[in-house]
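The values are calculated or read from the model by the stated rules, or taken from the named source; none is laboratory data. Predicted, not measured: the structure shown is a model, and the values here were computed from it. Cβ coordinates were reconstructed from backbone atoms using ideal geometry, including for glycine residues, and neighbour counts include every protein chain displayed.
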Amino acid sequence: MNLGTFYAQHSRLIDQIGINALLALSLSVSLQAGQLALAQAAFAGIAAYVSAIAAMQFGFPLAAAIAVAIAAAALAAAALAYPVRKLRGIFLAIATIGFGEIVRVVANNVDITGGAEGLSGIPNDVTTPIIYGALLLVALALVALARTKFALAVKLTREDENAARGVGVDVGMVRFASLVIGGAIAGLAGALYAHAFYFLTPTDFGFARMEQILVWCVIGGVTSPAGAVVGAVLLSILPEVIRPLADYRELTSGLILLGVILFVPNGLSMLWAKRGV
Amino acid sequence: MLAQQLLNALFLGAVYALFALGYTLIFGVLDILNLAHAAIYMIAAFAAYSLVADGLPLPLAAGLAIVMAGVIGILLDRVAFAPLRRRNAGTLVPLISSIGVAIVIGAIARAVYGIDERHFVEGGLDATPIHLGPVTFTSLEAIILATAIGLMFGLSYVLRATVLGRNIRAVAQDRVAAALLGVDLERTIAATFFIASALGGAAGILTGLEYNAVSLDLGSQIELKGLAVIILGGMGSITGAVIGGFAIGIVETLAVAYGLSAWRDALTFGVMFLILVARPAGIFGARALRSA
C-alpha cells in the first residue's frame, strides 16, 4: 500500500500511539523507582486543559502553551508527592487514584474547563512529526538519565529502600524527582493530546485511561522503559488489527492481556532483555 | 428532613458496605486489590435480571445469581490469581490480571445484553410506601436493607464461629504457618473468593433492584467508591468496611442534600485521600481481619 494513503487513513491512530507511548514512559519513570503512583492520567489531563486554555483564551503560541502545561503538570506532581511521601504499594496507588478522581470531578464542575461537555475547537496545530519528535527527545533524555548516578539511586530505591538509605541515597528525593519527572512527561503527552485532537473532556483522562497506561507498562515489563513503549504501541494497535473480530474486540484484548500476564512472567521486555539489550 | 436523609444514607451505605466487604476480604487474605470485583457486581445483577425475565420468582433468581457470582469468583481466582500465587508475582501483576478478567466479563456482558439499560420489571417494581414517624421508605428498600445487613451478620458469623472462618483468618494472618498447621490453602482461598464475590454480586443485585435498572456501567460507579470505603475502615478490616460503607453513604447523602451533588465524588475521594495521608491504617487498623 502507498505510504501516503496509509498515513491518511491512520493518522489519528498513529498520533494516538505516539502519545500513548509518552504516557507509558511517564508511568515507567515512577515504576522504576518502585512507586505505584497512578496519577499519570490526571497529570496529563491537567496539562491538556492548561495547554488548551492557554492557547484558546490567552492566545499562547503552541510552544508556550505546551511549556506552561508541562510546568503545571510537574507542579501538580510535586504538590502530590509531598503528602503521599510515606505511602507505599497499594496504598500509594489508591491515594493517587483518589487524586485523579478529584481532578476529574473538578474538571467536570468548573467553568473554565467547559464542565462535563469539555472543550472543543482547541487549535489543532500538533502534527505527527511533533509528537514523534517529542517522543524521541523524551526517550533520549531518559537514556541519558539512565547513565547517571541518579539512575543507580533509582534502582537501589526500587530494590530496597532501607539498603539504599544505608549507602547514602536520599530516598525521599529520588521518589520526589521520579514523580515530578514522570508528571512532566505525562504533561507533555496531555498537552500534545489536546492540540492533536482539538477536543477534550474530563473522562479522557479518567481512571479507565490510567488503567490502560498501567496495563501497557506491566505488559511491557514493569521496570523497562523500552518495554513500556512496546506495550503501549502493541496494545494501541491491537484493537485495530483485530477490527475484523468487531464484536469480540474487547474480549480478545482482555484474553491477550491475561495471556501475557500469565505466560510471560516479566512482561515483553524479557523477550529481549535476556540478550543483553 | 435530617432523619429521612440519614435513612437514605443507610440504604446507600448498606450497598457500599456489602460491596466493600468482598473487596476487603480478598485484600485481607491475599494482599491483592481485585479490580474484577466491580465486574462481578455488574454481571450478577444481569444474571438476576435474566432469571427474573425467564419467569423465576425474584428471591430465587437473586439467590441463584448470588451463588453464580460466588462461582465466578472461584473461577477468577483459578484463572487470574492462582497461577501468579504459585510464582510469587507480588501485588502489581495480580492487579493487572484482575483488570484483564474485568475486561473479559465486561465484554461478555456487552455481547449478551448490549448497551441498553435493562429493567427487572417494566414500569417499576411493586413497592408499598411505609411511613414511620418522620421518615418514609418503600417495602423494597426495607427488604434491601434487611438483606444487606443479614449478609453482613452472616459473614461475621462465618468468620468468627466456623472452621472455615478460622481457616480464612489463619491464612490471612500467615499463609505459611496456616499451611504447616494443616489448613488447606487452596480450598480456603477458593472459599474466600466464593464468599467475597457472592457478597459483591449481592450488592450488585440489590443496587439493580433499588433503581430497577441494570446496565454495563453499573460497576464503574462503585469500583472506586469501594476503595474509599475500605480505606476509611482500614484495608482488610471487616468491621471497618461496614462502618466505612455507612460513613461514605452518610457523606454522600448529605452532600447531595446540601446541594453539593456535583462535588459529591470529590468529597468522597478527598476524605479517602486525607485518611490515607493522615492514618493509612484506616479507622480500625489494617489488620483487623487477622485479629477479628
Response to the item:
Log entry, pairs with first residue in segment B:274-285 being surrounded by fewer than 18 Cβ atoms within 10 Å (Cβ to Cβ), second being at pLDDT 80 or above and of a type in the set (A, V, I, L, M, F, W, C), beta carbons closer than 8 Å, six or more apart or on different chains, reads B:277/A:84; B:277/A:87; B:277/A:95; B:283/B:232; B:283/B:243; B:283/B:275
Worksheet entry | Single unsatisfied condition, residue B:116 versus (1) within 25 Å of residue B:59 (Cα to Cα); (2) without any contact (Cβ under 8 Å) to a residue 40 or more places away in the chain; (3) not basic (Lys, Arg) | (2)
Item to complete: For segment A:189-201, name all the residues that are assigned to a helix (DSSP H, G or I) and surrounded by fewer than 23 Cβ atoms within 10 Å (Cβ to Cβ).
Response: A:196, A:197
Item to complete: Looking only at segment A:203-231, count how many residues are within 14 Å of another protein chain (Cβ to nearest Cβ), part of a helix (DSSP H, G or I) and buried (at least 23 other Cβ atoms within 10 Å of the Cβ).
Response: 12
Discussion item. Restricting to segment A:145-163, name every residue that is assigned to a helix (DSSP H, G or I) and exposed (fewer than 14 other Cβ atoms within 10 Å of the Cβ).
Written reply: A:149, A:159, A:162, A:163
Worksheet item: Only one of (1) over 19 Å from the mean Cα position of the chain (by Cα); (2) buried (at least 19 other Cβ atoms within 10 Å of the Cβ); (3) within 12 Å of another protein chain (Cβ to nearest Cβ) fails for residue B:120. Which number is that?
Response: (3)
Fill in: Extreme residue, surrounded by the fewest Cβ atoms within 10 Å (Cβ to Cβ), among residues of segment A:102-117 that are more than 17 Å from residue B:270 (Cα to Cα) and touching a helix residue (DSSP H, G or I) at 6+ places or on another chain (Cβ under 8 Å)
A:112
Discussion item. Quick test for you: out of B:216, B:227, B:232, B:209, pick the one residue that is modelled with pLDDT under 95 and outside any helix (DSSP H, G or I).
Written reply: B:216
Discussion item. Give me the residue from segment B:156-188 that is touching a Ser or Thr at 6+ places or on another chain (Cβ under 6 Å) and in contact (Cβ under 8 Å) with a residue 60 or more places away in the chain and, out of that set, farthest from residue B:42 (Cα to Cα).
Written reply: B:171
Discussion item. With the structure loaded, tell me whether residue A:174 is assigned to a helix (DSSP H, G or I), under 21 Å from residue A:132 (Cβ atoms) and in contact with a Phe, Trp or Tyr (Cβ under 9 Å, 6 or more places away or on another chain) or whether it fails that test.
Written reply: no
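Yes/no matrix, rows are residues, columns are (1) buried (at least 18 other Cβ atoms within 10 Å of the Cβ); (2) within 14 Å of another protein chain (Cβ to nearest Cβ); (3) in a loop (DSSP other than H, G, I, E, B):
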{"position": "B:41", "(1), (2), (3)": "yes, no, no"}
{"position": "B:55", "(1), (2), (3)": "no, no, yes"}
{"position": "B:81", "(1), (2), (3)": "yes, yes, no"}
{"position": "B:89", "(1), (2), (3)": "yes, yes, yes"}
{"position": "B:93", "(1), (2), (3)": "yes, yes, no"}
{"position": "B:106", "(1), (2), (3)": "yes, yes, no"}
Fill in: Residue list for segment B:189-220, restricted to those being without any contact (Cβ under 8 Å) to a residue 40 or more places away in the chain and under 16 Å from residue B:24 (Cα atoms)
B:191
Item to complete: List the helices (runs of 4 or more DSSP H) that sit entirely inside segment A:24-121 and contain at least 3 residues that are in contact with a Phe, Trp or Tyr (Cβ under 8 Å, 6 or more places away or on another chain) and more than 17 Å from residue B:224 (Cα to Cα).
Response: A:40-58, A:62-81
Worksheet item: Of the conditions (1) surrounded by 15 or more Cβ atoms within 10 Å (Cβ to Cβ); (2) in contact with a helix residue (DSSP H, G or I) (Cβ under 6 Å, 6 or more places away or on another chain); (3) in contact (Cβ under 8 Å) with a residue 40 or more places away in the chain, residue A:53 fails just one. Which one is it?
Response: (2)
Fill in: Failed condition for residue B:112, given (1) at pLDDT 90 or above; (2) farther than 30 Å from residue A:214 by Cβ; (3) exposed (fewer than 12 other Cβ atoms within 10 Å of the Cβ)
(2)
Item to complete: Kindly list the number of the only condition in (1) aliphatic (A, V, I, L, M); (2) more than 16 Å from residue B:39 (Cβ to Cβ); (3) in a loop (DSSP other than H, G, I, E, B) that fails for residue B:115.
Response: (2)
Worksheet item: within 30 Å of residue B:91 (Cα to Cα), within 14 Å of the chain's Cα centre (by Cα) and at the interface with chain B (Cβ under 9 Å from one of its Cβ atoms): does that describe residue A:92?
Response: no
Worksheet item: So which residues in segment A:243-277 are in a loop (DSSP other than H, G, I, E, B), surrounded by fewer than 16 Cβ atoms within 10 Å (Cβ to Cβ) and modelled with pLDDT of 75 or more?
Response: A:264, A:265
Item to complete: Please work out which residue is surrounded by the fewest Cβ atoms within 10 Å (Cβ to Cβ), limiting yourself to segment B:208-246 and to residues that are more than 21 Å from residue B:269 (Cα to Cα), more than 14 Å from chain A (Cβ to nearest Cβ) and out of contact with any strand residue (DSSP E or B) (no Cβ under 8 Å at 6 or more places or on another chain).
Response: B:211
